[in-house]
Amino acid sequence: MTTLFINGSPHKDGNTVTLAHEFLKDQEYATLHLVDYKIYSYGQNFADDQFDEVVKEMTKADTIIIGSPLYWHSMSGAIRNLLDRFYGNVSEDLLKGKDLYFVFQGYAPTVQQMEAGEYTMKRFASLYGLNYKGTITK
């Protein structure tokens, strides 16, 4: 079984990575830092876009953990952009059956912020056939 952690924070050794590491403990897993990829906004088409590379890595994993810091009352723009790009670009059954977790951390998030993040990830999972396993927060 393979596990992929997608880090939506610009910090490769920040709190989001630390929380994912604590969650995954002694398991082997690969980390993909979105800050290292050019993923343009929905509707933009540039030759150096790397969205397909990220999706390819997601298809290789059995378990996907998406991690985000809490920015402006929501998940990071990098994660939001990744999710937005799925719409109309990725077959709805491409990730079917894979497990999905969401790691969400920030300074004193409100109940509403947590609910919004949870809603987004549950909705994404249901649209693309993923088994949503829950949110890990700190």
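Only the coordinates and a few stated rules stand behind these numbers; no lab work does. Everything numeric in this text was worked out from a predicted model, so none of it was measured. Counting neighbours? That spans all protein chains shown, and the Cβs are built from the backbone with ideal geometry, glycine included.
What the table below lists for this structure:
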item: For segment 1-64, alpha-carbon Rg over 2.2 N^0.38 Å; result: 1.22
item: D_trans [Stokes-Einstein, Kirkwood Rh over alpha-carbon pairs] for segment 59-103, 4 °C, 1.567 mPa s, µm² s⁻¹; result: 110 µm²/s
item: With eigenvalues of the C-alpha gyration tensor scaled by 5 and rooted, segment 19-99, Å; result: 22, 17, 12
item: For the chain: relative contact order, % (alpha-carbon pairs under 8 angstrom, 6 or more apart); result: 28 percent
item: Å³ per residue enclosed by the Cα convex hull of segment 68-138; result: 74 Å³
item: Shape of segment 45-84, Cα gyration tensor, a/c cut at 1.5; result: oblate
item: Net length gained if the chain between Asp93 and Asn81 were fully extended (0.36 nm per residue, minus Cα distance); result: 2.3 nm
item: Proximal aspartates and glutamates relative to Lys25, as straight alpha-carbon distance under 16 Å, when same-chain residues fewer than 8 apart are discounted; result: Asp13
item: Low-density loop cleavage sites - GluC sites (Glu not before Pro) in segment 55-126, where at most 13 other Cβ are within 10 Å (DSSP); result: Glu92
item: Listed peptides 25-31, 38-44 by packing density, highest first (mean Cβ within 10 Å); result: 38-44, 25-31
item: Counted charge near Thr120, where neighbours are those whose Cβ lies closer than 11 Å (Asp, Glu -1; Lys, Arg +1); result: 0
item: DSSP-assigned coil residues among trypsin sites (Lys or Arg not before Pro) in segment 60-101, each with at most 11 further Cβ atoms within 10 Å; result: Lys96
item: Ser74 versus His21: modelled label distance in nm, points set 7 Å from Cα along the beta carbon direction; result: 3.0 nm
item: Antiparallel content of DSSP bridges confined to segment 57-138, in %, to 5; result: 5 percent
item: Sequence-distant aspartates and glutamates (8 or more away, or on other chains) whose Cα lies within less than 17 Å of Lys38; result: Asp48, Asp49, Asp52, Glu53, Glu57, Asp84
item: Loop chymotrypsin sites (Phe, Trp or Tyr not before Pro), segment 69-118, which have at most 12 other Cβ atoms in a 10 Å radius of their Cβ (DSSP); result: Trp72, Tyr87, Tyr107
item: Estimated D of the chain in µm² per second, where Rh is the Kirkwood radius over Cα pairs and Stokes-Einstein applies at 25 °C, 0.890 mPa s; result: 163 µm²/s
item: Net dipole in debye of segment 1-88 [+1 Lys, Arg Cβ; -1 Asp, Glu Cβ; about Cα centre; nearest 20]; result: 200 debye
